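Enquirer: First, the structure itself, so that you have it in front of you.
The values are calculated or read from the model by the stated rules, or taken from the named source; none is laboratory data. No experiment lies behind these values; they were computed from the predicted model shown. Cβ coordinates were reconstructed from backbone atoms using ideal geometry, including for glycine residues, and neighbour counts include every protein chain displayed.
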Amino acid sequence: MASDRITKLNAQLQRELGLLCENHIRPALPGVLVTITGVELAPNLRNANVFVSVYGPGGSEKRVLELMKRQRHLLQAGLAQKVVMKYTPVLNFKLDGTAARADRVMNILKELNLPDEAPETSPTPEN
């Protein structure tokens, strides 16, 4: 389990990376929504896995990850200016497929055509 310090740093890095992506990544890919869904700092604070969710036309995920890898040094420099740490972590970008899996599950449930559940009725107390 991560310490409170690392948990707070993860949240702060996630916020700052979201803002940096808004300024540096989004303009290069119009019509694509990029969201930083999480950051996991290594215990030594030297590396960080950055989880990215991408919404857009097919193939957008690959383009976004390639662009983020090319812009990694720019993003790290932006973090160094915003977050005071002894070392700025090396960023490793990974695709977060949680939203895609949730969409797939919802589509499967829609295809099943399950009837809506009837509202539960509470028993009436007898006097």
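Enquirer: Looking at 66, 40, which one is at pLDDT 90 or above and either under 22 Å from residue 101 (Cβ atoms) or under 13 Å from the mean Cα position of the chain (by Cα) (or both)?
Expert: From the options 66, 40, the qualifying one is 40.
Enquirer: Also, quick follow-up: Checking the structure you have, find out if any residue of region 3-18 is over 18 Å from residue 90 (Cα atoms), polar (S, T, N, Q) and under 15 Å from the mean Cα position of the chain (by Cα).
Expert: The answer is no; no qualifying residue exists.
Enquirer: Oh, and also: Only residues that are surrounded by 12 or more Cβ atoms within 10 Å (Cβ to Cβ), assigned to a loop (DSSP other than H, G, I, E, B) and among the hydrophobic types (A, V, I, L, M, F, W, C): list them for region 1-48, please.
Expert: 2, 25, 29, 32, 42, 45
Enquirer: Here's a follow-up. Looking at region 86-127, which of the residues that are closer than 30 Å to residue 72 by Cβ and among the β-branched types (Val, Ile, Thr) is modelled with the lowest pLDDT?
Expert: Within region 86-127, the match that is modelled with the lowest pLDDT is 98.
Enquirer: Out of the residues in region 71-99 that are in contact with a helix residue (DSSP H, G or I) (Cβ under 8 Å, 6 or more places away or on another chain) and among the polar types (S, T, N, Q), state the one that is nearest to residue 47 (Cα to Cα).
Expert: Residue satisfying both the conditions and the ranking: 88.
Enquirer: Residues in region 71-86: is at least one part of a strand (DSSP E or B) and not acidic (Asp, Glu)?
Expert: So far as region 71-86 goes, no, none of its residues is part of a strand (DSSP E or B) and not acidic (Asp, Glu).
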